[in-house]
């Protein structure tokens, strides 16, 4: 190997020649040339493409509409590099005549800008992607709608795309600053949208977009804004300040909506007048609503609605109204604030003000059974009403406020006012009410039970400060359970409280008036089985209460009865009246003049009447009076009579045999009178001087006062024992035994009078009979009488001494001893009257009590007749004359 480097042989045939300097970059020039050529060609093509496309677009519209529409585009610009097209000054005009299969409309648009068009997909007529398509500053006038459908009318939109495209995939589509007028018939249906903005996100016009259940109208999301919109349809005009609807935000908001009727009042169509400041709906799944017909909403807020509705009087159903488009509704929360509702054109004419409503978990499914725990399809309702009014059964009704909470089970009503119908309104013989109720509260109320099972159930109902006038209907109404059966088949109320209430009842013969009523009822159940249950009293297991003054007319218009206090306790079987009074409205002469015959004016005062052992169920359910004991404390009776006038032509009802004719059962085991008194006054036709007589310190007990055939038998008659003082001096002890079911009215009375002067009865005999007992002392009287419907018989034994009588006369307005009367008196005292008994030789003589009964007089008058006839006969008057004197009755013309 050589140590030095030898250069290579340059002349070797294997070596390549070096390249030329200009051939190395020739391909670059070729590339630049091709690009320049393409750029120039593109510029030339674009220069001629825009006018060609504009002409083709205008020609296409003319061809597709068969010359019925003409499109004019002021300017069209394309950008191949940006894959965009921009059209300015679009103008679409109809021909003079338009086919009935096409709408007649006018369109003006400032600009249509389409970007990001997929040219390759467009050439292949596939699904063309588009970045955006925006139509700006649009004015659309719809002058007429097509009257006949076309062959393509029923086809979906994605099958009607131009150029035979399989679809369009538009990332963003928008309609900006649009003004739309719908004027096909300016007199009936119109619409004017001052500004409308509509945008769609991910709009896929293809079969896949139509089948996608997450899309609404081919789009993943829509956003619509309307401002200052107006419409007219179905006889109403709508004005809307703002509407904002976004499917992405799931939100719909209406601001300042006004709906007013425009046509005259018609009975065939309803009328609405609505002012709605705001409606806000959130959580609306519009795609689900379109595809499944199920509406689901998170919240619905209706703020300040003012609605006046006049419903149609026609009951013909509308077939369109029966379309069941929405299968189910779910609203998580519904809120209505400060609402107003007026339903006009109806007899009820309700007006509701200051309405506040809140509902949670509203669920309605047309194919499913209602949830038994829901109330009107909601989990709970809270309702508050302000001052409201209505007319119910011709009665004007108003309330100050109303509160209802189904979750808490409470109902609160304040300032309820019910007025009687105006003259000429309502049924003449129907029920009438006049009610003022300051406060009503209901707690423990189960609204779900009432709705689903028609079972009203509550813990407590309380009424405070009520004043009520009830005029019953002329015909007796059905029982309470039947009146409530349309709303509730059964009602259960654990407790009813009535506080400080005043009740008046009209139309009845004895219409009561109750003041300061405080009443508590427990375990109230209202249904058919409870109506006549033996353990219930007016549907309740028990009542306790008391009242202030209870008053009522008696034998109207002649008497007025009252009791200052009443206590009721059904558990203790107690009923107590305090300060009872019966007052005549007229004087004795006034009674005679108004009745046309003699009628006494009776005044009764009873400080206390206590009924114990009272059978309340029988009393309330059947009207029967079954009492263990009745005690009247210090009864005071005043009987004022006037003998001027005919005798009462009616048969007396105060007689033992009348107990048989009572329509109800009366069964009093014991009746006690404690320290009673009786005062009688009588004005005889003989003199204007009033006669007076009284008995005092009356104490008596009576047993088995009954018309119950199981109680009242001949072996167990009414029995009684009493003692009293005549004129405060003469003691009287008497007993009675009466079989009250004897049709002949037979009974016995016996007793004794204590010592007293005969003169104690001069206060009655002198002014009324002109007979005076001058002298005479009674040591004692024993009598026994038997009475029936025919008369009275018996014996009377009187022990007395020194009896002398004086006959008097009335002359010159004064009772005097006239000469003629003196002679008759002396003759009577010598020839008729025996001055003592026992007679001479200590022979004790008894008088015969005989007197016929006048059926127009009471049994007390019959007893008096027997005593008078026996006394006169005992002192020497012949029996026939004594009987005649006892049966004499005053009768004279009525005073003028």
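One line per residue, one yes/no per condition, for (1) surrounded by 15 or more Cβ atoms within 10 Å (Cβ to Cβ); (2) out of contact with any strand residue (DSSP E or B) (no Cβ under 6 Å at 6 or more places or on another chain); (3) touching a residue at least 24 places away in the same chain (Cβ under 8 Å):
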| position | (1), (2), (3) |
| --- | --- |
| 576 | yes, no, yes |
| 595 | yes, yes, yes |
| 603 | yes, no, yes |
| 624 | yes, yes, yes |
| 630 | yes, no, yes |
| 644 | yes, no, yes |
| 649 | no, yes, yes |
Note to self: Please verify whether residue 106 is outside the structural domain of residue 67 (by TED's automatic domain parsing) and either assigned to a loop (DSSP other than H, G, I, E, B) or over 23 Å from residue 200 (Cα atoms) (or both), treating the condition exactly as stated.
What the structure shows: no
Next item on the list: Scan region 344-397 for residues that are outside any loop (DSSP other than H, G, I, E, B) and under 30 Å from residue 432 (Cα atoms) and report the count.
Entry: 16
Note to self: Quick check on my filter: what residues within region 99-118 are surrounded by fewer than 16 Cβ atoms within 10 Å (Cβ to Cβ) and more than 25 Å from residue 144 (Cα to Cα)?
What the structure shows: 116
Check: Can you find even one residue in region 837-849 that is within 30 Å of residue 652 (Cα to Cα), at pLDDT 90 or above and surrounded by fewer than 21 Cβ atoms within 10 Å (Cβ to Cβ)?
Finding: yes
Notebook entry, point to check: Just checking, how many residues over region 408-454 are in contact with a strand residue (DSSP E or B) (Cβ under 6 Å, 6 or more places away or on another chain), over 22 Å from residue 486 (Cβ atoms) and in contact (Cβ under 8 Å) with a residue 40 or more places away in the chain?
Noted result: 2
Checklist line | Of residues in region 516-529 being surrounded by 16 or more Cβ atoms within 10 Å (Cβ to Cβ) and touching a helix residue (DSSP H, G or I) at 6+ places or on another chain (Cβ under 7 Å), the one farthest from residue 497 (Cα to Cα) | finding: 527
Check: Which ones in region 825-868 are in contact with a strand residue (DSSP E or B) (Cβ under 8 Å, 6 or more places away or on another chain), under 30 Å from residue 646 (Cα atoms) and in a helix (DSSP H, G or I)?
Finding: 859, 862, 863, 865, 866, 867, 868
Notebook entry, point to check: Of these, 241, 231, 211, 237, which one is under 30 Å from residue 125 (Cα atoms) and without any contact (Cβ under 8 Å) to a residue 60 or more places away in the chain?
Noted result: 211
Margin query: Let me confirm something: among 130, 98, 117, which residue is farther than 23 Å from residue 62 by Cβ and in a loop (DSSP other than H, G, I, E, B)?
Written below: 117
Check: From the list 680, 768, 716, 665, which residue is under 30 Å from residue 816 (Cβ atoms) and within 53 Å of the chain's Cα centre (by Cα)?
Finding: 680
Note to self: List the strands (runs of 3 or more DSSP E) inside region 212-307, counting only whole elements, that have at least 2 residues being closer than 30 Å to residue 161 by Cα.
What the structure shows: 219-233, 236-246
Check: Restricting attention to region 794-824, which residues are assigned to a loop (DSSP other than H, G, I, E, B) and under 27 Å from residue 866 (Cα atoms)?
Finding: 808
Margin query: Take residue 614 and tell me if it is part of a loop (DSSP other than H, G, I, E, B) and at negative phi.
Written below: yes
Next item on the list: Out of 458, 494, 488, 468, report the one residue that is surrounded by 17 or more Cβ atoms within 10 Å (Cβ to Cβ), in contact (Cβ under 8 Å) with a residue 40 or more places away in the chain and either in a loop (DSSP other than H, G, I, E, B) or in the same structural domain as residue 511 (by TED's automatic domain parsing) (or both).
Entry: 458
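Here is a yes/no grid of residues against (1) surrounded by 13 or more Cβ atoms within 10 Å (Cβ to Cβ); (2) farther than 30 Å from residue 237 by Cβ:
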| position | (1), (2) |
| --- | --- |
| 121 | yes, yes |
| 128 | yes, yes |
| 131 | yes, yes |
| 138 | yes, no |
| 141 | yes, no |
| 160 | no, yes |
| 169 | yes, yes |
| 194 | yes, no |
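The values are calculated or read from the model by the stated rules, or taken from the named source; none is laboratory data. All values reported here derive from a predicted model rather than from experimental measurement. Because the Cβ atoms are built from the backbone with ideal geometry, glycine has one as well, and the counts that use them run over all protein chains shown.
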